[in-house]
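Trainee: Shown below is the structure under consideration.
Every number here is computed from the coordinates shown, using simple stated rules; none is lab data. What you see is a predicted model, and the numbers here were worked out from it, not measured in a lab. Note that we place each Cβ from the backbone using ideal geometry, even for glycine, and neighbour counts take in every protein chain shown.
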Amino acid sequence: MATYRAISATCQAIVRLLQQSWRPELFDDAPLQFAVYSTQDFADPMDAGVSLFLYRANINGVQRTPPARIDANGQRRRTQLPVDLHLLLTPWAKAASLEHEILGWTMRTLEDWPILPAGILNSQVPNTFAAEETVEIVRNDMAIEELVRIWDVLPHDFHVSASYVARVVRIDSELDVQAAGPVLTRQLDYGVVEE
């Protein structure tokens, strides 16, 4: 299953999906860039393209304690850590109309490919996800107050963006589970309650 590199691999896989889906003729041969951004990258953004910014990672509340599992080698594995990644996708261009077109295309592309298979997830960071693993990309209905707070701390003025959640990224533990022998006898002790 997914290693601790899963968060980075997921972000890079989304950018890779957009790069592979982009065709220059869609935007009058405008050269677009696609990149994963950190906070400081907003101080000097790209001229034209799409940035992906991971602004929050939290534990999935629905699948908080999935059961331990048995791997392919018959070893008992620790419980996976189910993580949701909250992403901000921002189109960049010199003209507002081009920005809007890029945003529409980006949202449509993610709607067309909402499930990322292991082949895409492992394309930039190999051997991170198992062959049967997937990550789902869904639209996130972010309150305008939260969006404004994010842009308040970024080193750039407010910019039109789309918010998504990559769910559920399941990260495996690096620790082995120590196997104990079977229970062979049961011993029940009774006590006396003093008054």
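Trainee: Could you tell me which numbered condition Ile115 fails, if it satisfies all but one of (1) under 23 Å from Val153 (Cα atoms); (2) loosely packed, with under 15 Cβ neighbours inside 10 Å; (3) in contact with a strand residue (DSSP E or B) (Cβ under 6 Å, 6 or more places away or on another chain)?
Mentor: (1)
Trainee: If you don't mind, there's one more thing I want to ask. For segment 118-159, which positions are in contact with a helix residue (DSSP H, G or I) (Cβ under 6 Å, 6 or more places away or on another chain), surrounded by 11 or more Cβ atoms within 10 Å (Cβ to Cβ) and aliphatic (A, V, I, L, M)?
Mentor: Ile120, Leu121, Val125, Val135, Ile137, Leu154, listed by residue number.
Trainee: Anything in segment 27-43 that is within 23 Å of Gln124 (Cβ to Cβ) and of a type outside the set (S, T, N, Q)? List them, or say none. Before the answer, list the steps.
Mentor: Of segment 27-43, the ones within 23 Å of Gln124 (Cβ to Cβ) are 31-42.
Scanning segment 27-43 gives Pro31, Leu32, Phe34, Ala35, Val36, Tyr37, Asp41, Phe42.
Trainee: Still on this model: When residues of segment 17-46 are filtered for being crowded, with 16+ Cβ neighbours inside 10 Å, part of a helix (DSSP H, G or I) and in contact (Cβ under 8 Å) with a residue 24 or more places away in the chain, how many remain? Step through it out loud before you land on a result.
Mentor: Keep residues of segment 17-46 that are crowded, with 16+ Cβ neighbours inside 10 Å, which gives 17-18, 21-22, 27, 30, 32, 34-37, 41-42, 45-46.
Among the residues that remain, those that are also part of a helix (DSSP H, G or I) are: 17-18, 21, 27, 41-42.
Then drop every residue that is not in contact (Cβ under 8 Å) with a residue 24 or more places away in the chain, which leaves 17-18, 21, 27, 42.
Total satisfying the criteria: 5.
Trainee: Right, something else. Of the residues that make up segment 176-193, is at least one under 19 Å from Ala35 (Cα atoms) and without any contact (Cβ under 8 Å) to a residue 60 or more places away in the chain? Before you say what the answer is, go through the steps one by one.
Mentor: Step one: list which residues in segment 176-193 are under 19 Å from Ala35 (Cα atoms), which gives none.
Among the residues of segment 176-193, not one is under 19 Å from Ala35 (Cα atoms) and without any contact (Cβ under 8 Å) to a residue 60 or more places away in the chain, which makes the answer no.
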